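Bear in mind these aren't lab numbers, they're just calculated from the coordinates by the rules spelled out. On a predicted model such as this, the values are computed, not experimentally measured, just so you know. Backbone-built Cβ (ideal geometry, glycine too); neighbour counts: all protein chains shown.
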Amino acid sequence: MTDVTTEKPALEPTGALSVETVLSVKHWNEHLFSFRITRPASFRFRSGEFVMIGLKGDNGKPLLRAYSVASPSWDEEIEFLSIKVQDGPLTSKLQLIQPGDQIYLGRKPTGTLVTDALLPGKRLFMLSTGTGLAPFLSLSRDPDVYEFYEQVVIVHSVRRVSDLAFRDDLEAKWAEDPLVSEQAPGQFHYVPTVTREPFEGNTQRIDALVESGALFAGIPGAAKFDPETDRIMMCGSMEMIKQFAAYFEGAGFTEGSNAAPGQFVIERAFVG
Ligand SMILES: Cc1cc2nc3c(=O)[nH]c(=O)nc-3n(C[C@H](O)[C@H](O)[C@H](O)COP(=O)(O)OP(=O)(O)OC[C@H]3O[C@@H](n4cnc5c(N)ncnc54)[C@H](O)[C@@H]3O)c2cc1C
Ligand SMILES: NC(=O)c1ccc[n+]([C@@H]2O[C@H](COP(=O)([O-])OP(=O)(O)OC[C@H]3O[C@@H](n4cnc5c(N)ncnc54)[C@H](OP(=O)(O)O)[C@@H]3O)[C@@H](O)[C@H]2O)c1
């Protein structure tokens with residue numbers, strides 16, 4: 001069956017996938033875009049989780065990839081932040097989507113970057129590189145997070161200034177957000193760092209910012225991580241999260257999971 005208005009092949013829902021409609025698309029630069037889709041009433045998730053999404057592949061079957069939901073669990077729409085991989089099976093097509101297009105959405109979100117996987121604490125640090133920011137956009141707009149933690153920090157390390165997606169919203173501490181605009185001004189901190197281009201702020205990798213203490217500037221509490229009070233979430237390349245996991249274990253933190261909450265949790269932002 002063909003959709004006559006777009007001449008793109010119509011998608012069929014399956015037991016595991018619903019078919020949703022693209023509502024809006026924003027291109028941040030030639031490597032990065034974000035988009036919003038409809039949310040079915042049956043779609044429940046915890047802020048920070050990921051889900052499979054996709055398009056119809058050349059063989060007619062769904063071509064799916066894991067994506068962190070970038071919007072909070074209370075939002076009526078669902079937002080994603082995506083890389084554009086040159087020749088990537090999915091993103092070479094996905095980057096062309098437009099409002100009105102159809103997209104597959106998995107019915108079973110999951111993941112470890114959830115507050116359920118962490119023990120109670122005072123400061124929540126969310127350390128991200130590249131598109132690893134996505135789950136933290138979701139969490140930083142969830143009012144529960146501001147009930148659980150006194151300080152909520154997003155650290156975002158990118159190569160170039162234009163990779164700082166959602167920078168305006170984050171710098172404004174979600175001032176326009178209907179649910180967290182009261183708590184976030186006093187509790188939320190945004191720490192961007194740009195490593196391959198001149199930038200008026202931080203320009204070192206996250207590990208160097210931790211080492212020098214620069215990462216903690218303006219955040220109430222000690223200028224170093226403390227397993228008693230600090231909880232950490234990390235999302236980025238495999239290399240980055242492995243290095244940080246070893247660092248936190250060495251500093252006396254234990255890794256948490258949904259089954260056994262701990263002091264830090266990790267999730268890879270992509271495979272490879
Ligand atoms: C748990 C989980 C959550 C994910 N969440 C997101 C998300 O929110 N946003 C997102 O854009 N991607 C996310 N990904 C990656 C995503 O699943 C796909 O890999 C990505 O959409 C590219 O798909 P592709 O078919 O075009 O290329 P693929 O064949 O999947 O990837 C080709 C290569 O591109 C590189 N690559 C892929 N994704 C990324 C990325 N995000 N950042 C940098 N390099 C990358 C890797 O080197 C990879 O080997 C997630 C992956 C996992 C496992
Ligand atoms: N974003 C771009 O402009 C760009 C341009 C060309 C191609 N690409 C493609 O996109 C892919 C992903 O690029 P990306 O920019 O999203 O991700 P990335 O290469 O992982 O870099 C994102 C940020 O993470 C930092 N980082 C990388 N490894 C780290 C580690 N082990 N510990 C601490 N920090 C670390 C980087 O610092 P450093 O800068 O010091 O590495 C950078 O600030 C690349 O592999 C490439 O194929 C991206």
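List of remarks:
- At 1.002 mPa s and 20 °C, Stokes D of region 121-262 from Kirkwood alpha-carbon radius, µm² per second: 139 µm²/s
- Dipole check for region 17-106: with +1 at the C-beta of Lys and Arg, -1 at the C-beta of Asp and Glu, and the Cα centre as origin, the magnitude is about 160 Debye.
- Each part reduced to its alpha carbon centroid, region 219-272 and region 113-138 end up 9 Å apart.
- Evaluated over the chain, the Cα radius of gyration and Dmax, each in Å: 18.7, 61
- Region 102-115 - phi-based ³J(HN,Hα) in whole Hz, Karplus 6.51/-1.76/1.60, Gly and Pro as x: 9, 8, 7, 10, x, 8, 10, x, 7, x, 9, 7, 10, 5
- Compared with the dominant principal axis of the Cα atoms in the chain, helix 238-250 is inclined by about 30°.
- Loop-located chymotrypsin sites (Phe, Trp or Tyr not before Pro) in region 51-91 whose Cβ has at most 15 other Cβ within 10 Å (DSSP): W74
- Think of it as helices only: each DSSP H run of n ≥ 4 in the chain is worth -39500 (n - 2.57), and spread over all residues that comes to -4000 deg cm²/dmol at 222 nm.
- Antiparallel DSSP beta bridges within the chain, percent to nearest 5: 50 percent
- Translational diffusion of region 17-106, µm² s⁻¹ [Kirkwood Rh, Cα pairs; Stokes-Einstein; 4 °C; 1.567 mPa s]: 98 µm²/s
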